[in-house]
Amino acid sequence: MPSMPLKLLGTLALAATASAAQASLILDTTVTAAFLPGATTTNTIGNDLPAPRPSTLYYGQLRADADGFVDFYYVGNEAGYTNTLFVDDALVASTAGRPDSFNSPHLLVATLAVSAGELIDFGFCTSGGDRVLGSRCVANDSAVSIISQYNHRFVGGYRSIGFAALSDYDPATGARTFTTPTGSRDNWMAFWDDSGARYDDNHDDMIVGLSFRPVDVSEPGTLGLAALGMMGAIFAARRSRTPAC
């Protein structure tokens, strides 16, 4: 039986490794179709966040493209109310007792395991302002909370989370480069607006960084291992057919 070309086997192994690394977070903007007034972006981009700042924030829901882990980093806040970050229904960070600042390093506050196609389970709450449907919270995985808070009294963005994608992000130094959120990105920032002053729509009341890590990114995938095994079998077969000297 003719053997599979070694070049093709090598290609398969490389493709398997590469496919394992193609995993990230993507922003689903479907929920914004119910916003009154309609909007997918805002230019109120975190007035007190030191430069560099994004030029635009995008509304929507962050979703995982593949299995992996999301690390959450506390970037900082500028707020009169106490704001809190919840991950998987657990309180992981609060602005209580923290200065109004955005100093590095950005503290790792939570890590969440995620599955492909899953909305990221996190959200923000605030201590003041109107309750909307009995709540002062917005959850990334709850379209009801996102829409109801945004549409409160039809002001547009009463309480909301804005997102910005990054092409690179270093929590240790705070170094970052913002980019357009086209396709999947490993690094994002979420900007919370608690609307404490009713029209305080500046999305810097609490800011967190999110970094995605795919599962087994440092190991060959199943297809790669199979290809390597086939290569070994071919070498063994060729060696057995080689005449003895």
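The values are calculated or read from the model by the stated rules, or taken from the named source; none is laboratory data. Keep in mind that this is a model prediction, so the values were computed, not measured. Methodologically, a virtual Cβ is constructed for each residue, glycine included, from the backbone with ideal geometry; neighbour enumeration extends over all protein chains shown.
The table below lists the values:
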| quantity | calculated |
| --- | --- |
| Qualifying residue in the range 33-40 (condition: hydrophobic (A, V, I, L, M, F, W, C) and either crowded, with 17+ Cβ neighbours inside 10 Å or touching a Ser or Thr at 6+ places or on another chain (Cβ under 6 Å) (or both)) | yes |
| Matching residues, the range 108-137, being hydroxyl-bearing (Ser, Thr, Tyr), assigned to a strand (DSSP E or B) and over 17 Å from residue 62 (Cβ atoms) | 126, 135 |
| Selection status of residue 67, exposed (fewer than 14 other Cβ atoms within 10 Å of the Cβ), under 18 Å from the mean Cα position of the chain (by Cα), at pLDDT 95 or above and of a type in the set (D, E, K, R) | no |
| Residue in the range 49-60 that is in contact (Cβ under 8 Å) with a residue 24 or more places away in the chain, in contact with a helix residue (DSSP H, G or I) (Cβ under 7 Å, 6 or more places away or on another chain), part of a strand (DSSP E or B) and surrounded by 14 or more Cβ atoms within 10 Å (Cβ to Cβ) present | no |
| Matching option when the condition is of a type in the set (S, T, N, Q) and at pLDDT below 85, among 184, 218, 211, 195 | 218 |
| Complete set of residues in the range 96-120 that are free of Cβ contacts under 8 Å to residues at least 40 places away in the same chain and surrounded by 18 or more Cβ atoms within 10 Å (Cβ to Cβ) | 110 |
| Number of the condition not met by residue 90 [criteria: (1) over 14 Å from the mean Cα position of the chain (by Cα); (2) under 20 Å from residue 162 (Cα atoms)] | (2) |
| Condition met for residue 157 (in contact (Cβ under 8 Å) with a residue 24 or more places away in the chain, farther than 15 Å from residue 61 by Cβ and in contact with a Gly (Cβ under 7 Å, 6 or more places away or on another chain)) | no |
